[in-house]
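Notes to accompany the following structure.
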Amino acid sequence: MILGVLLFILLLGFAFKNSEPVELAYYLGYSWRAPLSLMLLITFFSGIIAGIIACLGSLISQRRKLLALEKEIKNLKITNNQSNK
């Protein structure tokens, strides 16, 4: 709880110190003006989302392999129990 309040105060101070508007230029003459702190926040969360998306394929394949191995272990236990009887 205290850590969350401290982090909030630090981020709020950062936002106040970096509230000057900056311009982000796009292709074809488009541009967007917003406070620097907002642009940094959007960039940060965009990076997080891109990282999660980049990891999804590997996580899904690992989960499938894990399920297959758990099924194989279950079958081996059943086979082992039947042979011991």
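Residues S37, S31, arranged from fewest to most other Cβ atoms within 10 angstrom of their Cβ, appear as S31, S37. Distance between the pseudo-spin-label points of Y27 and F14 (7 Å out from Cα toward the beta carbon): 3.1 nm. Between V22 and A34, L36, the built amide H atoms are under 5 Å apart, and every one of these is 5 or more places off in sequence or on another chain. The mean sequence distance of close C-alpha pairs (under 8 Å, at least 6 residues apart), as a share of the length of the stretch 14-84, puts its relative contact order at 19 percent.
Size of the chain: Rg and Dmax of its alpha carbons, in Å, are 25.4, 79. 3J(HN,Hα) couplings calculated from phi for the stretch 14-23 with the Karplus curve 6.51 cos²θ - 1.76 cosθ + 1.60 (θ = phi - 60°) are, in sequence order, 4, 5, 5, 6, 10, 8, 5, x, 10, 10 Hz; Gly and Pro show x. Based on DSSP H segments of at least four residues, each scored -39500 (n - 2.57), the chain has a per-residue ellipticity at 222 nm of -28000 deg cm²/dmol.
Read-outs throughout are calculated quantities, based only on the coordinates presented, and are distinct from any laboratory measurement. Note that the structure is a prediction, hence the values are computed from the model and not measured. Positions of Cβ are backbone-derived with ideal geometry, glycine not excepted, and every protein chain shown enters the neighbour counts.
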